[in-house]
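Everything on this sheet refers to the single structure shown next.
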Amino acid sequence: MKSTGAKWALAVAAVAVVVAAFIVAKGSGGNDSVTTTTTTATTQASGAPAPGSNVLPSVRTGIITVAGGDPLGGVKTLTYGKGDQVRIVVHSDSAEEVHIHGYDIKKDVPAGSSVTFAFKATIDGRFVIELEKSGTQIATLQVDP
């Protein structure tokens, strides 16, 4: 039979796991289709990567998840400034061609896989991101001047 101290320790550990799981689930925004992450870098005063740092400048990544032909959480807007480095990752459960209008960039995403777009935001405006074959809009790319 376990001692009272061991039972308390087990109960506290179980509560900690439940609380941690809740925080992670709550922080992820549930089933939102677009998540933004940021990668930071060691930079010089000019904003360029420091020599020998072997890291990329700060890049925000828009993540879109497509399930059953639709973006989870609905159509979201990914906002960047003109001159920013754009990085968009599309995960899809079905094979499709993803098209970023305005920039006229197209890539195939295999079923159950993902595709990554990376480019400099040189054109300001609002642009549809869609699944080309089905014509379904999965996000909007907004580039502010």
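The values are calculated or read from the model by the stated rules, or taken from the named source; none is laboratory data. Treat the numbers as computed from the prediction; the structure is a model and nothing was measured. Just so you know, the surface numbers come from the protein's heavy atoms only, side chains and all, with ligands and any DNA or RNA stripped out. Shrake-Rupley method; radii C 1.70, N 1.55, O 1.52, S 1.80 Å.
Assorted remarks:
- Aspartates and glutamates with Cα under 20 Å of K107, excluding same-chain neighbours fewer than 8 positions away: D70, D93, E96, E97, E130, E132
- Using 0.36 nm per residue and subtracting the Cα-Cα separation, the extra length available between K106 and F119 on full extension is 3.5 nm.
- Listed residues T136, T122 arranged by accessible area, highest first, probe 1.4 Å: T122, T136
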